[in-house]
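None of the figures in this text is laboratory data; all of them are computed from the coordinates on show. Nothing here was measured: the structure is a model prediction, and the numbers come from that model. Glycine also receives a Cβ, built like all others from the backbone with ideal geometry; neighbour counts cover every protein chain displayed.
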């Protein structure tokens, strides 16, 4: 008998996911689909508790996740009333009356090792620059309410990406149905007791209200802000970031569409005590006011969203409460927090689902074979998750701090507050030389930071001197050719609503 044949069969790691909704079912489905031979997955959720979702805008990374799971994009979009998203339109952040779009794509292209924004800054120095967004296909298409998927070659038509805007109250059930179809075992019930090993402190089982015991080797805490396992049971500390991100409430209110157009982007408009969102779905418009309760009351926030929302309200405003920050560790003992149980950052840049997806991705890469957790893998997971949260935190703070607004106590506070050292370093690099901090892992690369810096009027003192090696007139002609090419590409695109209708018709024919 060979040595391989004599080896005992590896038992799958028993994974127990606590909590349904978006984070829970994404986690369960990701592990079950991508690690089918290494893990068995059970999920515990209670219909009594419900989910937080009010209408989610996402980042392009969600597309890769949907594709890896083998989910048909058109079917997913139909089930969640989804629309396409090319970026986020920020209004009144730098100063009232100004706006810019943070695109899911690039601005121009690098030439001779010099980033396009340096050439744009050189043109601006001579008073010859057009709006930076004119050189982004994603920005131009968004402004024109047009959409088609990017090409798969190296042409101009490949220089952007897209995400989705969907109804989060439908996404969780969609993922539940998908998860059940690939063999995830679901338990309905409320957890009343958490059993732990007396020696190691590891969680061994969840006891439900009806007495059932759900045993496992690895427990994923997707119980939302309650964080039943990571926060309550293991008492992992919460790092509060309210001093940097003071918004701690949201008033959410769905409305009908005010026009026949459906915008392929999310809108974020600065308000006296925070900002309000508009998320266009196929069947309605999501609206909400993210605000600081230290600067405005809940009643005033509800009145403000009623007064500013487009379309006819479909429900009264609903108040959501939250605390920005993260757990000191997202993986402790044999418990891993995903989603709100791990941390929360306000949805200014649509990062909520990304942060859950990011944790799932790192968990799959560092998954403990046979349930034996290597402390080095746990430490690496925590390092990567902390890095992601910290970088997103800095990017969100930038939107508030890079402003000249002094029209309210809220804006005076965020404009003058002390910043994290990590953000101060990034700002110094930009101010002095127009450079973006380079990193290979994480979210928000050059184009994202440039969009906010330039869009909110924070121009650097200097830029790459190589950009001045081209005569201003020649540089202006080259950038104008690019702008015209962008205009031509956009003109050839169908309207966003027309594209959605065509996709729906294609899906109906295939059924």
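Overall, the anisotropy analysis places region 384-475 in the oblate class: the square-rooted eigenvalues a ≥ b ≥ c of its C-alpha gyration tensor yield a/c not less than 1.5, with a/b not exceeding b/c. Report the FRET efficiency, 1/(1 + (r/R0)^6), for residue 376 and residue 318, where r is their Cβ-Cβ distance and R0 is 56 Å, rounded to 0.05. FRET efficiency, residue 376 to residue 318: 0.80. Eigen-decomposition of the gyration tensor built on the alpha-carbon atoms of region 111-156 gives equivalent ellipsoid semi-axes of 24, 16, 5 angstrom, largest listed first. What the Cβ-Cβ distance of residue 256 and residue 130 gives, at R0 = 45 Å and to the nearest 0.05, is a FRET efficiency of 0.80.
Any idea what diffusion coefficient region 199-328 gets from Stokes-Einstein, in µm²/s, Kirkwood Rh on alpha carbon pairs, 25 °C, 0.890 mPa s? In µm²/s, the coefficient is 140. So if the hydrodynamic radius of region 86-199 is defined as the Kirkwood radius over C-alpha pairs, what does Stokes-Einstein give as its diffusion coefficient at 10 °C and 1.306 mPa s, in µm² per second? Estimated diffusion coefficient is 85 µm²/s.
Listing 200, 99, 448 from fewest to most neighbouring C-beta atoms within 10 Å gives 200, 99, 448. Inter-label distance, residue 510 to residue 193: 5.0 nm, where each label sits 7 Å from its Cα along the C-beta direction. Annotation: for a label point projected 7 angstrom from Cα along Cα→Cβ of residue 200, residues of region 335-373 with backbone N closer than 20 Å are 335-338, 363-373. Remark: 362, 119, 400 ranked as 362, 400, 119, counting other beta-carbon atoms within 10 Å and listing the fewest first.
In terms of other Cβ atoms within 10 Å, 220, 397, 182 run from fewest to most in the order 182, 397, 220. The simple Förster model, with R0 at 35 Å and r as the Cβ-Cβ distance, assigns residue 466 and residue 415 a FRET efficiency of 0.55. For the chain, the relative contact order comes to 21 percent (Cα pairs under 8 Å, sequence separation of at least 6).
With both residues required to sit in the chain, DSSP beta bridges show an antiparallel share near 70%. Computed extension gain for residue 432 through residue 283, at 0.36 nm per residue and net of the alpha carbon distance, reaches 48.9 nm. For residue 478 and residue 180, the difference between the fully extended length at 0.36 nm per residue and the C-alpha to C-alpha distance is 101.8 nm. Distance from the alpha carbon centroid of region 387-405 to that of region 434-511 works out to 21 angstrom. Projected onto its three principal axes, the C-alpha set of region 8-106 covers 67, 36, 27 Å, listed from the longest axis down. Rg/Rh for region 129-182 (Cα atoms only, Rh after Kirkwood) is 1.20. Which translational diffusion coefficient, to the nearest whole µm²/s, is obtained for region 124-280 from the Stokes-Einstein equation, given a Kirkwood hydrodynamic radius over C-alpha pairs, 37 °C and 0.692 mPa s? Calculated translational D: 152 µm²/s.
Taking the convex hull of the alpha carbon positions in region 284-327 and averaging its projected area over all directions gives 4.0 nm².
Stretching residue 73 away from residue 209 to a fully extended chain increases their span by 45.2 nm, per 0.36 nm per residue minus the current alpha-carbon distance.
Kirkwood Rh, Cα Rg: Rg to Rh for the chain? Answer for the chain: 0.98.
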